[in-house]
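Report on the structure given below.
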């Protein structure tokens with residue numbers, strides 16, 4: 001059975017969560033791990049990054065509406081033979097937790113990791129989805145609002161005190177903003193910074209394969225540290 005890793009940012013959008021979840025999935029795949037990335041976003045961002053072209057229907061929403069089987073909606077990425085996508089469309093519609101759990105139960109027999117790219121969401125709408133995860137990657141930026149959004153999200157939800165491993169990430173980090181990294185370390189202990197990198201913006205690259213090839217050595221090393229943490233969830237990390 002695979003590990004299920006959810007990437008979330010609470011109610012704050014624009015944190016680079018979809019790019020980061022796609023990059024982690026691709027990094028795992030090119031290093032020999034079989035990965036299914038489930039795009040639950042409203043705009044299909046990770047679908048666009050990880051597939052060469054729009055696969056067309058059926059999309060994940062068609063599965064939720066009972067118009068397609070779970071096998072029908074999973075598409076192999078041309079960028080890696082180890083990476084598959086459950087694609088989103090611009091009309092995602094309601095996400096059904098029970099249907100998604102059924103898809104994950106079946107698909108997880110064939111992959112090492114399932115990555116859930118969650119949309120930002122207020123209230124408790126997607127909490128049942130997060131409860132399916134073994135690991136939650138908490139994606140923040142070095143600013144007050146995104147850090148507060150994750151803090152409020154993770155402290156007030158039913159998964160706040162359970163055994164789901166929570167990995168805090170400070171995305172788009174720059175050394176000039178070290179005070180935000182210090183603040184997060186005070187809150188969470190170990191934090192994984194991912195440096196701001198032009199190759200991880202949509203204005204500079206169009207595909208995750210291109211971004212992976214162009215990121216700086218430092219950013220690549222930081223991503224690999226995050227991947228290693230996900231790959232070894234029982235590892236005790238200090239720092």
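The values are calculated or read from the model by the stated rules, or taken from the named source; none is laboratory data. As the structure is a prediction and not an experimental result, all values here were calculated from the model. Cβ placement follows ideal geometry from the backbone for every residue including glycine, while neighbour counts extend to all protein chains displayed.
Just one of the numbered conditions (1) assigned to a helix (DSSP H, G or I); (2) under 30 Å from residue 69 (Cβ atoms) is not true of residue 93: (1).
Answer yes or no as to whether residue 62 is farther than 20 Å from residue 200 by Cα and touching a residue at least 12 places away in the same chain (Cβ under 8 Å). For residue 62, the condition - farther than 20 Å from residue 200 by Cα and touching a residue at least 12 places away in the same chain (Cβ under 8 Å) - is not met.
Would you confirm, using the coordinates I've provided, whether residue 14 is crowded, with 24+ Cβ neighbours inside 10 Å, in contact with a helix residue (DSSP H, G or I) (Cβ under 9 Å, 6 or more places away or on another chain) and on the phi > 0 side of the Ramachandran plot? No, not satisfied. Taking the criterion of being in a loop (DSSP other than H, G, I, E, B), surrounded by fewer than 17 Cβ atoms within 10 Å (Cβ to Cβ) and either within 11 Å of the chain's Cα centre (by Cα) or modelled with pLDDT of 95 or more (or both), the only residue of the range 118-145 that qualifies is 143. Given the condition over 19 Å from the mean Cα position of the chain (by Cα) and surrounded by fewer than 20 Cβ atoms within 10 Å (Cβ to Cβ), answer yes or no: does some residue in the range 206-213 qualify? Looking through the range 206-213, at least one residue is over 19 Å from the mean Cα position of the chain (by Cα) and surrounded by fewer than 20 Cβ atoms within 10 Å (Cβ to Cβ). Taking the range 149-174, which residues are more than 25 Å from residue 232 (Cα to Cα) and without any contact (Cβ under 8 Å) to a residue 12 or more places away in the chain? Scanning the range 149-174 gives a single hit, 156. Looking at 110, 43, just one residue is in contact (Cβ under 8 Å) with a residue 40 or more places away in the chain, surrounded by fewer than 17 Cβ atoms within 10 Å (Cβ to Cβ), under 20 Å from the mean Cα position of the chain (by Cα) and under 30 Å from residue 146 (Cα atoms), and that residue is 43.
Checked against the criteria, residue 76 does not count as within 25 Å of residue 205 (Cα to Cα), loosely packed, with under 14 Cβ neighbours inside 10 Å and in contact (Cβ under 8 Å) with a residue 60 or more places away in the chain. Taking the range 79-102 as the range and being surrounded by 13 or more Cβ atoms within 10 Å (Cβ to Cβ) and within 14 Å of residue 128 (Cβ to Cβ) as the test, the residues that pass are 95, 96, 97, 99, 100, 101, 102. For the range 3-14, the criterion of a residue being modelled with pLDDT of 90 or more, assigned to a helix (DSSP H, G or I) and touching a strand residue (DSSP E or B) at 6+ places or on another chain (Cβ under 9 Å) is satisfied by no position. Among the residues of the range 53-73, those that are part of a helix (DSSP H, G or I), modelled with pLDDT of 95 or more and surrounded by fewer than 21 Cβ atoms within 10 Å (Cβ to Cβ) comprise 70, 71, 72. The set of residues in the range 163-194 that are under 15 Å from residue 153 (Cβ atoms) and either in contact with a strand residue (DSSP E or B) (Cβ under 6 Å, 6 or more places away or on another chain) or part of a loop (DSSP other than H, G, I, E, B) (or both) comprises 164, 166, 167, 168, 169, 184, 188. Being modelled with pLDDT under 95 and touching a helix residue (DSSP H, G or I) at 6+ places or on another chain (Cβ under 7 Å): is that true of residue 237 here? Considered against the rule, which asks whether it is modelled with pLDDT under 95 and touching a helix residue (DSSP H, G or I) at 6+ places or on another chain (Cβ under 7 Å), residue 237 comes out as yes.
Residues in the range 15-34 that are outside any loop (DSSP other than H, G, I, E, B) and under 12 Å from the mean Cα position of the chain (by Cα): 17, 18, 19, 20, 21, 22, 23, 24, 25, 26.
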